[in-house]
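Report on the structure given below.
The values are calculated or read from the model by the stated rules, or taken from the named source; none is laboratory data. All of these numbers come straight from a predicted model, not from anything done at the bench. Positions of Cβ are backbone-derived with ideal geometry, glycine not excepted, and every protein chain shown enters the neighbour counts.
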Amino acid sequence: PPPRAPRLPAIAAGDGLKNLDHLDRSQIPAGALRAAGDGDPKRAAEEIVAVLAASGTPGADDGHSGSAEAVAIHPNGRLLATGGADTTVRLWDLSGSPPKQTDVLREHKKGVTALAFTSDGKRLVSGDAGGEVIVRPIGSQDPVQRFDVRACVAGLAVGRTRNVVAVGADDEKVRVFDLDSKGGDAVIPGNRGPCTGLAFTDGDRHLTVGSLGLLRFIDLTDGNKELRNLPESKVWFRAVALGPDGGKLLANGRGFVAGERPADLLAVLAGFGNNTDLTRQNAVSVRDLTNERVTLKTLPHDGRVWRAAFAGDGKQAVTLTDDSRVHLWDWAKEALLKSVLLVHEPMANTPNCPTMVVHPDGRHAIVCRVNGQVYVVRLSETP
């Protein structure tokens, strides 16, 4: 039988959520709160207002049975997707308190490593450790699209103005697929290691690619010509994100937040490197990439920065560090507004919270944890 489309027309087409203020911590199941506090519910961060995918919770019949590895939020702010090592993609309706799991997608054969909704909200893109990429329609009977990149999917990015998706993989290549046509696909080699950091810029004509020790800027309209690159030998550029005004670029991995003027390519570089230079690998620095020697802002961290994203209108940034803390910054003022500790008993040699996404309201972060739980964290009470 042909693959079915997710049963989500009401969520995808329904009214969007302006914020998640309706979420009530008192609605979190006791077992889920106990797991969040590593056995003691009193240790669970007060900022956690919802727990999703609460595997291991007594009586729970939903959630990932293994590590939660990927997360994406629909443009309407209501529909959330999570992916896990259990090979499933789980869909959640955030409009209630507590949020409800609405569907489980089981097409992947390997653990799900990356997720993204297209900008128009009509498709969900997922990639797995075996290299399979699945593009599912939401609320329609359009056919499911499948691509095989033949290497573990390390990162995904979707276009803002066109239905294109960039897939970064562990084989040091990025593939760009046009979802509306059979042609136009491209392969971008020449990277270093897993291509985790990806973002379309300049009306989807350019692609920023982050990998081990190298940040590249590619012109997709001119034979995938490299416009420039920023080499950093001790840095893994793990994540790259475009700001809401299209003129800012945020990259984590020694990365960057990027500037006020769209004509200038400014970036916020988040630190991740080896253990020989802690002062550099744990910093988020704002740089003007037209003059790589000029550092505009620096945001110091105690842990290595694992993920980074803009919040709201782009005046704030959210970072996730390998010490299981999520941080809210006023990056222009170099001011740390809040830091929330999520895990009290971390696992050794692995990030306990591997990824996150920021809700469109700019005040809540949704953070995955290797125990299968997914937290909605309230970073700010007021807009």
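Would you mention how many residues in the range 177-223 are small (Gly, Ala, Ser) and in a strand (DSSP E or B)?
Residues of the range 177-223 small (Gly, Ala, Ser): 181, 183-184, 186, 190, 193, 197, 199, 203, 210-211, 213, 223.
From what's left, in a strand (DSSP E or B): 186, 197, 199, 210-211, 213.
Total satisfying the criteria: 6.
Take GLU172 and tell me if it is surrounded by 15 or more Cβ atoms within 10 Å (Cβ to Cβ), of a type outside the set (S, T, N, Q) and in a loop (DSSP other than H, G, I, E, B). So GLU172 passes the test. Which numbered condition in (1) in contact with a Lys or Arg (Cβ under 8 Å, 6 or more places away or on another chain); (2) modelled with pLDDT under 65 is the only one that GLU46 fails? Unmet for GLU46, out of (1) in contact with a Lys or Arg (Cβ under 8 Å, 6 or more places away or on another chain); (2) modelled with pLDDT under 65: (2). All conditions but one from (1) touching a residue at least 24 places away in the same chain (Cβ under 8 Å); (2) surrounded by fewer than 24 Cβ atoms within 10 Å (Cβ to Cβ); (3) not acidic (Asp, Glu) apply to SER339; the one that does not is (1).
Within the range 52-88, being assigned to a strand (DSSP E or B), of a type in the set (Val, Ile, Thr) and either touching a Cys at 6+ places or on another chain (Cβ under 9 Å) or modelled with pLDDT under 95 (or both) holds for VAL71, THR82.
Residues that are under 26 Å from PHE237 (Cβ atoms), of a type outside the set (Asp, Glu) and over 20 Å from the mean Cα position of the chain (by Cα): list the strands (runs of 3 or more DSSP E) wholly contained in the range 117-156 that include at least 1 such residues. Reasoning before the result, please.
Values: elements: 123-128, 132-137, 145-148.
Here the list reads 145-148.
Contact map, the range 187-209: residues that are β-branched (Val, Ile, Thr) paired with residues that are not in a strand (DSSP E or B), Cβ distance under 7 Å, separation 6+ or inter-chain. Pairs shown: VAL187/LYS173; ILE188/LYS173; ILE188/ASN224; THR196/ARG238; VAL209/ASN191; VAL209/CYS195.
The residue of the range 313-330 that is farthest from VAL377 (Cα to Cα), among those that are in a loop (DSSP other than H, G, I, E, B) and free of Cβ contacts under 8 Å to residues at least 24 places away in the same chain, is LYS315. Of the numbered criteria (1) crowded, with 21+ Cβ neighbours inside 10 Å; (2) modelled with pLDDT of 90 or more, the one VAL187 fails is (1).
In the condition set (1) touching a residue at least 60 places away in the same chain (Cβ under 8 Å); (2) closer than 26 Å to GLY96 by Cα; (3) assigned to a loop (DSSP other than H, G, I, E, B), ALA309 is compliant with all but (3). When only residues in the range 84-115 that are among the acidic types (Asp, Glu) and surrounded by fewer than 21 Cβ atoms within 10 Å (Cβ to Cβ) count, which is nearest to HIS74 (Cα to Cα)? Checked the range 84-115; the qualifying residue nearest to HIS74 (Cα to Cα) is ASP93. Checking the stated criteria, THR113 turns out not to satisfy the condition of being on the phi > 0 side of the Ramachandran plot and at pLDDT 90 or above.
For the range 102-116, name all the residues that are among the small types (Gly, Ala, Ser) and assigned to a loop (DSSP other than H, G, I, E, B).
Step one: list which residues in the range 102-116 are among the small types (Gly, Ala, Ser), which gives 111, 114, 116.
The answer is GLY111, and nothing else.
Residues that are in contact with a Leu (Cβ under 8 Å, 6 or more places away or on another chain) and more than 12 Å from LEU379 (Cβ to Cβ) within the range 331-356 comprise TRP331, GLU334, ASN352, CYS353, THR355, listed in sequence order.
Checked against (1) among the small types (Gly, Ala, Ser); (2) buried (at least 19 other Cβ atoms within 10 Å of the Cβ); (3) out of contact with any strand residue (DSSP E or B) (no Cβ under 6 Å at 6 or more places or on another chain), GLY197 passes all but a single condition, namely (3).
A Cβ distance below 6 Å, combined with a sequence gap of six or more or placement on separate chains, defines the contacts here; from the range 116-144, residues that are surrounded by 17 or more Cβ atoms within 10 Å (Cβ to Cβ) reach residues that are of a type in the set (Asp, Glu) in the pairs GLY131/ASP148; GLU132/ASP148; ILE134/GLU107.
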